[in-house]
Amino acid sequence: MASALSIHRAPPAVVPLRFLLTAPWFAVAAGGLLLWAGPEALDSRWTGAVLAVTHLLTLGFMGHAMLGALLQLLPVAFGVPLPRIGAVAAVAHPALALGALCLSAAFLAAAPVLFAAAALLLALALGVYLAAVAIGILRQRMRDPLARVISVALLGLLVTVLLGVLLASGLAGAPLPLLALTHLHATWGIVGWTLLLVLGAALALVPMFQMTSSYPRWLRGGFSAAMLVALIAWSVALWFEWNALRRILQWLLAGGAGTIGIATLVLQQRGRRRLQPDVTFSFWRLGMLCLCAAVALWIVGETLAVQSTQPYALLLGVMLLPGFAFCVIAGMLYKIVPFLLWLTLQMHSGGRPPSVKEILPEERGEPQYWTHMCAIVLLAAAVTLWSGFVYPAAMAFIASSAMLGGSLTRAARFARTRMAEAKPLPRGADRSSWKSIS
């Protein structure tokens, strides 16, 4: 993969960094809101606080991190040219941030005007972003099989956004079937967008950064398309209340999710060429274990018919969001951000740049990893054993997220200082042909 990187296509560092450095602070805000709301927030998965925290994580943390990472990965790792990338980021980033805040405030205040404002801002942010990405993918003509997986995930994001806009319109007063739209929106967001995007990123980043062998060929082929077809069929069955077909398709989707988790864990265990695990390896392993735990929990819920109980639904959410999604994104950020900063120093300043490990030492991530593991355990205890655990759980989650944000910010400041101290490249010098990773 290293030799295939299109370094000359890399956008200015500020473009993805504005997304990546913002993401952890939305997770801090989510933890702060949970701490403020207290045990009453966990009375139901439909409380305003739970819904607000959920969207601070999904739109604020996950949205900024995943969209920012794609702005770097698409042109560099997949060779997908993105038109007017600076202008796209300048519109999408503030609109996404404001939209996530408006939506969370709308859930807390139950204010229709805030739902309407959030729908407009998020439609603007994601519409501009997806339009630019679609143009780039069409120009590239899907030659890279990994780019096709990312394309399927982006289609899942598009459907998730459209369903979310419909939901916001319904909450603002439009006569729409809110319960069915909620199930569709949540499933498309987790399976169609998050899970498939993680698969696409894993196919490129796990062998590169975790020094493993490649994923099996069948997982890099039509697997994502099969998941998309199953998800579309499930959506139709849910809408028309074809319950027998819907249950069959749910088992297929759960099996697909478990397959991704197990395949990654096996690859980490058996296909690794580096003996000493780093923080990225640890976070991805924890995230995939949480994904497998979520699938196992879903199977138990289906078998014992306890899907409607509040502890079950909240525990499933803990495994999927603070567990699976947060962990894999945190692990990704610990590699992408320092690599992006190192690449910028390499290409735009004279002399030998600091190494990736100097920009962001690996030991900085270890305290966050253990703190976040405690947060997951405490959150699981809060939703299943005693709601009073929400206070230490929220504090641990705030600490974990702040550690991540602080580490990334210090890395950016370190790189900026070194850039200012380094000698500039001679006029006319060009390092765009550089290809190797040291």
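The values are calculated or read from the model by the stated rules, or taken from the named source; none is laboratory data. The model shown is predicted, which means the values in this text are computed figures rather than measured ones. Note: ideal-geometry Cβ built from the backbone for every residue, glycine included; neighbour counts use all protein chains shown.
Here are the numbers for this structure:
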item: Matching entry among 252, 286 (being crowded, with 19+ Cβ neighbours inside 10 Å, among the aliphatic types (A, V, I, L, M) and closer than 21 Å to residue 317 by Cα); result: 286
item: Within region 397-422, considering residues that are surrounded by fewer than 23 Cβ atoms within 10 Å (Cβ to Cβ) and aliphatic (A, V, I, L, M), the one nearest to residue 318 (Cα to Cα); result: 398
item: Matching residues in region 241-258 - criterion: being of a type outside the set (A, V, I, L, M, F, W, C), assigned to a helix (DSSP H, G or I) and over 19 Å from the mean Cα position of the chain (by Cα); result: 243, 246, 247, 250, 255
item: Unique match (being surrounded by fewer than 24 Cβ atoms within 10 Å (Cβ to Cβ) and in contact with a His (Cβ under 8 Å, 6 or more places away or on another chain)) among 84, 45, 18; result: 18
item: Single condition residue 307 does not satisfy, out of (1) over 28 Å from residue 202 (Cβ atoms); (2) touching a Gly at 6+ places or on another chain (Cβ under 6 Å); (3) crowded, with 18+ Cβ neighbours inside 10 Å; result: (3)
item: Single residue of region 45-84 satisfying the filter (of a type in the set (Phe, Trp, Tyr) and touching a residue at least 12 places away in the same chain (Cβ under 8 Å)) that is nearest to residue 99 (Cα to Cα); result: 61
item: Cβ-Cβ under 7 Å pairs, at least 6 apart or on other chains, region 394-422 side within 25 Å of residue 377 (Cβ to Cβ), far side outside any helix (DSSP H, G or I) and modelled with pLDDT under 90; result: 407/360
item: Filter result for residue 132 (surrounded by fewer than 23 Cβ atoms within 10 Å (Cβ to Cβ) and within 30 Å of residue 37 (Cα to Cα)); result: no
item: Within region 260-270, tally of residues that are surrounded by fewer than 16 Cβ atoms within 10 Å (Cβ to Cβ) and either within 17 Å of residue 187 (Cα to Cα) or of a type in the set (D, E, K, R) (or both); result: 1
item: Residue in region 178-186 that is under 30 Å from residue 243 (Cβ atoms) and within 15 Å of the chain's Cα centre (by Cα) present; result: yes
item: Residue within region 120-135 that is at pLDDT below 85 and within 25 Å of residue 220 (Cα to Cα) present; result: no
item: Conditions (1) surrounded by fewer than 19 Cβ atoms within 10 Å (Cβ to Cβ); (2) touching a residue at least 40 places away in the same chain (Cβ under 8 Å); number of the one not met by residue 157; result: (1)
item: Given (1) modelled with pLDDT of 95 or more; (2) surrounded by fewer than 21 Cβ atoms within 10 Å (Cβ to Cβ); (3) touching a Ser or Thr at 6+ places or on another chain (Cβ under 7 Å); (4) not aliphatic (A, V, I, L, M), number of the condition residue 39 does not satisfy; result: (1)
item: Pair list, Cβ under 6 Å, 6 or more apart: region 187-216 residue at positive phi, other residue at pLDDT 80 or above and among the aliphatic types (A, V, I, L, M); result: none
item: Search result, residues across region 231-245 that are surrounded by fewer than 18 Cβ atoms within 10 Å (Cβ to Cβ) and either closer than 18 Å to residue 193 by Cβ or free of Cβ contacts under 8 Å to residues at least 40 places away in the same chain (or both); result: 232, 233, 236, 240, 241, 242, 243, 244, 245
